[in-house]
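Report on one structure; see the data block that follows.
Here, each number is a calculation from the coordinates, and none is a lab measurement. Keep in mind the model is a prediction, meaning the values are calculated, not measured. Methodologically, a virtual Cβ is constructed for each residue, glycine included, from the backbone with ideal geometry; neighbour enumeration extends over all protein chains shown.
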Amino acid sequence: MGLHRVEVTLLCCVLVVLGVLPFSSDAQLDPSFYNATCPSVHSIVREVVRNVSKSDPRMLASLIRLHFHDCFVQGCDASILLNNTATILSEQEALPNNNSIRGLDVVNQIKTAVENACPGVVSCADILTLAAEISSVLAHGPDWKVPLGRRDSLTANRTLANQNLPAPFFNLTLLKAAFAAQGLNTTDLVALSGAHTFGRAHCSAFVDRLYNFSNTGNPDPTLNTTYLQTLRAICPNGGPGTNLTNFDPTTPDTFDKNYYSNLQVHNGLLQSDQELFSTTGADTIDIVNRFSNNQTLFFENFKAAMIKMGNIGVLTGSQGEIRKQCNFVNGNSAGLATMPTKESSEDGLVSSI
């Protein structure tokens, strides 16, 4: 999941939102939700994603990341897709997303195809969720039956986007806090981090580890020295920070357990990756070891965590709406928003996942 820039901020701001977001553990989502109203939705989404990924294999990781960035901000409600309007401050311009998220155009392609088949039926939030699962499968990762029936938000929240998304320079304590704020536990954290088994990151997301870790003037001591030299060749000190490198140097476009094997030899790309294995005495070390030894175990936990994440704060029933276009609310419905939209503080974090 490509990342853009890291801006040094108060790391504690993620803790502000503990307990703020509603969890929808009782949401009535069902994999068969569209069986009668849009039975071809899964195959439509798959065809678009498959075609795009032929020329841009990185897009599969980007679509999973887009779903993650949606769900961590007022729930899985497609709020990340909303553009700026007179009444909406887009989450797309939050620091974790600006010049970083990818796949908005692909989601619009999917929406157009779905609307042609089943007009006014399928939400953009469900499209995001389906695209994430299909991306996993197309990269040879796990498949699962996606619970469906989400509806789309009438609002976005740039402030929460800046606060809630974990940064690539987070330590394990801050990572756990960011996930706990969404009702996700330590196993979910380690499993979902495994999505970094494919995709790319910009140098700006980890360059401090190479030259000036924690303002020491030295590289991160948990970084494999051979890997350090490889990364320094890609990311020169003082460079623009826009060069891309693979999250997984072994199988960069395949969804597998190699992410965890990389951590064991200190080849985690982001600080937030390596923290899972290199934090002294951490309970995450055993989970990394078990996932590295057993890809089936990793896949089962990833599937469970993705379903759990996909259930965060969902709108169902008569809540929200089914957007006609994913980037805009329907008509004048922005004035009927049920959740307050805060003004952006422009303080924020660049996501680690």
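Among 298-305, 133-140, sorting by the average number of other beta carbon atoms lying within 10 angstrom of each residue, highest first, gives 133-140, 298-305.
Here the Karplus relation 6.51 cos²θ - 1.76 cosθ + 1.60, evaluated at θ = phi - 60°, turns the backbone of the stretch 117-126 into coupling constants of 8, 9, x, x, 10, 9, 6, 5, 4, 5 Hz, with x for every Gly and Pro.
Count Lys and Arg as plus one, Asp and Glu as minus one, and take only other residues whose Cβ is under 14 Å from that of F68; the net charge is then -2. Coordinate range of the alpha-carbon atoms in the stretch 231-295 per principal axis, descending: 37, 28, 14 Å.
Semi-axis lengths, largest first, of the ellipsoid equivalent to the stretch 169-327 are 29, 20, 16 Å, with √(5λ) applied to each eigenvalue of the Cα gyration tensor.
If you wrap a convex hull around the Cα atoms of the chain, how much volume per residue is inside, in Å³?
Each residue corresponds to 124 Å³ of Cα convex hull volume.
Tilt of helix 284-293 relative to the longest C-alpha principal axis of the chain, in degrees (0 to 90, nearest 10)? Helix 284-293 and the main axis of the chain meet at about 80 degrees. Tell me whether the stretch 120-251 comes out rounded, prolate or oblate; compute the Cα gyration tensor, take square roots of the eigenvalues as a ≥ b ≥ c, and use a/c under 1.5 as the rounded threshold. Judged from the Cα gyration tensor, the stretch 120-251 comes out prolate (a/c at least 1.5, a/b above b/c).
Comparing A132, N215, W144 along the charge dipole axis of the stretch 119-219, the residue lying farthest to the positive side is N215, per the Cβ-charge model.
Rounded to the nearest 20, the Cβ-based charge dipole of the stretch 109-161 about its Cα centre (Lys and Arg +1, Asp and Glu -1) stands at 160 debye. For the pair T242 and L297, label points projected 7 Å from Cα toward Cβ lie 4.4 nm apart.
Using a cutoff of 8 angstrom between alpha carbon atoms and counting only pairs six or more residues apart, the relative contact order for the chain works out to 31 percent. In percent, rounded to a whole number, the relative contact order of the stretch 18-136 is 35, using alpha-carbon pairs under 8 Å and six or more apart. Peptides 67-79, 144-156, 318-330 ranked from most to least packed give 67-79, 144-156, 318-330, packing being the mean of other C-beta atoms within 10 angstrom over each peptide's residues.
Centre-to-centre separation between the Cα atoms of the stretch 153-214 and those of the stretch 53-113: 16 Å.
Where only DSSP H runs of four or more residues are counted, the chain gives -11500 deg cm²/dmol as its mean residue ellipticity at 222 nm, each run worth -39500 (n - 2.57).
What FRET efficiency do you get for S318 and Q109 if R0 is 51 Å and r is their Cβ-Cβ distance, rounded to the nearest 0.05?
According to the calculation, E is roughly 0.95.
Modelled this way, with points 7 Å down the Cα-to-C-beta line, the labels at S214 and N330 are 5.3 nm from one another.
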